[in-house]
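*Asks:* Quick one: structure below, then a few questions.
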Amino acid sequence: MVKFMILKVSKSSVLSGDVYISGSKNAAMPCICAALLTKQKVILKNVPDIMDVNNLLTIIKKQGVRVKKKDDIVIIQAKRLKTRVLSDLVETLRGSYYLMGSILSRKNKLKIKYPGGCNIGSRPIDYHLKAFQELGFNVIEEENKIVIREMTRTSKDITFPKISLGATINVLLLSSTFLKEVKITNPSLEPEVLCLIDMLKKMGVSIDILDKQIIIKGARKLKGITHSIIYDRIEAGSYIYLAGAIQKSKVCIHNAPIEHLQTVIMVARKMGIIVYKKDNILVVEGNKGIKKINLLIGEYPFFPTDLQQIITVVLTKAKSSSTIEDPIFPNRILHLKELKKMNAFIYEQNQVIHIKPCILSPGIIYATDLRCAFALIVAGAITQGTTYIKNIDYLFRGYEEPIKKLRYIGVNVEIL
Ligand code: EPU
């Protein structure tokens, strides 16, 4: 990715108005890959217009797949599906690894570049590759590629040592054409996984969810269907904390998947942010003084790791010290260095982030990944003066029309 855009952010006084949440990035990518499981036409609705999704669509077009896109609707028809996925774009996003599950499900071989993704610490794919092996595929890791070949499809119980969204999705995609039962023990059951499961069921796959287990019985031929992507809970959470960070603000968040945001709303309220539902709209009112918290991040339904960086910024305004522990991505801490440049009194010790009360000063800082980019915008918006954020390009990977949405509610942002 070319990184050269700079965002100028000035202190924003009071935020008000409406924000419309888009479709979920992390649900759209597996659903796009699931569309490759059938030769028939698949219509996806509520697909966000973001860089990661657009790059994934470009990759599948290179695989011989027909793709039509108009507004939030994407029509995919994979009559042809090439098995060598060697576009450089594969290395620019994480979601490209779902092509492994879907291509292997339909074909008996695959050569693919390693997936990329945000720089948030170590992101191994050993659970994915081990599961492919257990399901009867031979996996060879080359310098920058993975070569996988079917030996004998074997239905098995795949047990993950730690909950993994990506590995759960890849096993679901691969097992969708297995005629005998595959079980996943200790799967991820995040809303994004459930969105994919709904889609696979409509395509003809039988899937049961038991306590900490998913049981999949695939079908030889999957059907073309229409499916709507769920709304993005992380985008909604980002705007909740942005609006909540600025006193006297009142922002109405439309399309927020409120049922997926219970912990996010509960934590916001504990921090002194006023959040309530009015006619299916989430209304966020700025705080009357941010309160400290000690937060442990976890898999859904716990507080999501993807909002850690944003909440870290908001907690600099609390009257006493807070801590955040993120066992999912403990090294998602590059934003701390940038916030220190703004005089934040913040540090990481034994994988716990400590945030002391402080008044941020404007500076020239760098976005290091998608959520860091949004977090630094929040930092700029609550800081007296003008902050310059370099490498803001990351923001466009996962937020649809961020500049328009931010300006609409009164955040002073300008791309230079
Ligand atoms: N893990 C392994 N081996 C594996 C896979 C995962 O050790 O083979 C570990 C990871 O290191 C991590 C934990 O398991 O400690 C969970 O990782 P998971 O596989 O759930 O994460 P992911 O699939 O790589 C997705 C999202 C992330 C989001 C995480 C957690 C996509 C494309 N990415 O990543 O989204 O933070 O799940 O919910 O869906 C973002 O949107 O900004 C983002 C980074």
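The values are calculated or read from the model by the stated rules, or taken from the named source; none is laboratory data. Predicted, not measured: the structure shown is a model, and the values here were computed from it. Neighbour counts run over all protein chains shown; Cβ positions are idealised from the backbone, glycine included. Note: areas computed on protein heavy atoms with side chains; ligands, DNA, RNA excluded. Shrake-Rupley method; radii C 1.70, N 1.55, O 1.52, S 1.80 Å.
*Asks:* Amide H of Met5 versus every other amide H placed in the peptide plane: which residues, excluding those fewer than 5 positions away on the same chain, fall under 5 Å?
*Replies:* The answer is Asn391, Ile392, Asp393.
*Asks:* Could you please state, rounded to a whole Å, how far the C-alpha centre of region 64-106 is from the C-alpha centre of region 229-308?
*Replies:* Using only Cα atoms to place each centre, the spacing works out to 33 Å.
*Asks:* Kindly write out, for region 337-348 in residue order, the coupling ³J(HN,Hα) from the Karplus curve 6.51 cos²θ - 1.76 cosθ + 1.60 (θ = phi - 60°), rounded to whole Hz, with x marking Gly and Pro.
*Replies:* So the J values, rounded to whole Hz, are 4, 5, 5, 5, 5, 9, 6, 5, 9, 8, 7, 10.
*Asks:* May I ask you to compute the full-extension gain from Glu141 to Asp211, defined as 0.36 nm times their residue separation minus their alpha-carbon distance, rounded to one decimal in nm?
*Replies:* 21.8 nm
*Asks:* Just to verify a number: what accessible area does Thr323 come out at with the full protein assembly present, 1.4 Å probe, Å² rounded to tens?
*Replies:* Thr323 has an accessible surface of roughly 40 Å² with all protein chains in place.
*Asks:* Among Pro257, Pro301, Pro161, which one shows the biggest mean-square fluctuation in a GNM of the chain, springs joining Cα atoms closer than 10 Å?
*Replies:* Top of the fluctuation ranking is Pro161.
*Asks:* Normalised by the number of residues in the chain, what is the relative contact order in percent for Cα pairs under 8 Å and 6+ residues apart?
*Replies:* Value for the chain: 22 percent.
*Asks:* Which of the lysines could a cross-linker bridge to Lys341, judged by Cα under 19 Å and excluding same-chain residues fewer than eight apart?
*Replies:* Lys8, Lys11, Lys317, Lys356, Lys390
*Asks:* Comparing Ser102, Ser176, Ser87, which has the greatest mean-square fluctuation in the GNM of the chain with Cα pairs linked when under 10 Å apart?
*Replies:* Answer for the Gaussian network model of the chain: Ser87.
*Asks:* Helix 51-62 sits at what angle to the longest principal axis of the chain, using alpha carbons and giving 0 to 90 degrees rounded to 10?
*Replies:* Here the helix axis deviates by roughly 20 degrees.
*Asks:* So, one more: If I take R0 = 41 Å and measure r between the Cβ atoms of Lys341 and Leu179 in this structure, what FRET efficiency does the formula 1/(1 + (r/R0)^6) give, to the nearest 0.05?
*Replies:* Plugging the Cβ-Cβ distance into 1/(1 + (r/R0)^6) gives 0.10.
*Asks:* Among all the lysines, which ones have a C-alpha under 18 Å from Lys45's C-alpha, if same-chain residues fewer than 8 places away are not counted?
*Replies:* Within the straight-line cut-off, Lys45 pairs with Lys25, Lys68, Lys69, Lys70, Lys201, Lys202, Lys223.
*Asks:* Give the range of the longest stretch in the chain that excludes all chymotrypsin sites (Phe, Trp or Tyr not before Pro) found in loop regions by DSSP and having at most 15 other beta-carbon atoms within 10 Å.
*Replies:* 5-301
*Asks:* Here's something else I'd like to know. Report the antiparallel proportion of the DSSP beta bridges in region 59-198 as a percent, rounded to a multiple of 5.
*Replies:* That works out to approximately 75 percent antiparallel.
*Asks:* Restrict the search to region 289-357; then list the trypsin sites (Lys or Arg not before Pro) that DSSP places in a loop and that have at most 11 other Cβ atoms within 10 Å of their Cβ.
*Replies:* Lys319
*Asks:* Might you tell me the accessible area per residue for the chain, computed with a 1.4 Å probe and given in Å²?
*Replies:* With all protein chains present, the chain gives 41 Å² per residue.
*Asks:* Note the angle between two axes, namely the Cα long axis of helix 233-245 and the longest principal axis of the Cα atoms of the chain, as a number of degrees from 0 to 90, rounded to the nearest 10.
*Replies:* 0
*Asks:* With a 1.4 Å probe and all protein chains left in place, how much of the accessible area of the chain comes from carbon and sulfur atoms, in whole percent? Present the calculation step by step, with values, prior to reporting the outcome.
*Replies:* Values: 8530 of 17080 Å².
Summing carbon and sulfur atoms, their accessible area is 50 percent of the total for the chain.
*Asks:* Then there's this: At 0.36 nm per residue, minus the direct Cα-Cα distance, what do Lys201 and Glu414 gain on full extension? Give it in nm, one decimal, please.
*Replies:* That pair, Lys201 and Glu414, stretches by 72.3 nm at full extension.
*Asks:* At a Förster distance of 41 Å, what's the computed FRET efficiency of Asn350 paired with Thr154, Cβ-Cβ distance as r, to 0.05? Mind showing how you got there, number by number?
*Replies:* Values: r = 42 Å, r/R0 = 1.02.
Efficiency computed from Cβ-Cβ geometry: 0.45.
*Asks:* For the chain, which longest stretch is free of loop sites, where a loop site is one of the GluC sites (Glu not before Pro) that DSSP puts outside H, G, I, E and B and that has at most 12 other Cβ atoms within 10 Å? Don't skip to the answer; put the middle values down first.
*Replies:* Working: sites that count: Glu142, Glu143.
The longest uninterrupted stretch comes out as 144-416.
*Asks:* Right, here's the next one. Pop a pseudo-label 7 angstrom from the Cα along the beta-carbon direction at both Thr323 and Gln384 and give the gap in nm to one decimal.
*Replies:* 3.2
*Asks:* With both partners inside the chain, how many of the DSSP beta bridges are antiparallel, as a percent to the nearest 5?
*Replies:* 75
*Asks:* Going by amide H atoms built from the backbone, whose H comes under 5 Å of the H on Asn343, apart from near neighbours?
*Replies:* Ser361
*Asks:* Pick from Arg153, Arg269, Arg80: which is most flexible by mean-square fluctuation in a GNM of the chain where alpha carbon atoms under 10 Å apart are linked?
*Replies:* Highest fluctuation among the options: Arg80.
*Asks:* Taking 0.36 nm per residue of sequence separation and subtracting the Cα-Cα distance, how much length would be gained by fully extending the chain between Lys130 and Phe4, in nm to one decimal?
*Replies:* Full extension of this stretch gives 41.6 nm more.
*Asks:* Using Cα pairs closer than 8 Å and at least 6 residues apart in sequence, work out the relative contact order for region 242-395, in percent.
*Replies:* In percent, rounded to a whole number, it is 19.
*Asks:* Give, as a single signed number, the net charge of other residues whose beta carbon lies under 13 Å from the beta carbon of Met199, with Lys and Arg counted +1 and Asp and Glu -1.
*Replies:* Working: positive: Lys45, Lys201, Lys202, Lys223; negative: Glu192, Asp198.
Taking every other residue near Met199 into account, the sum is +2.
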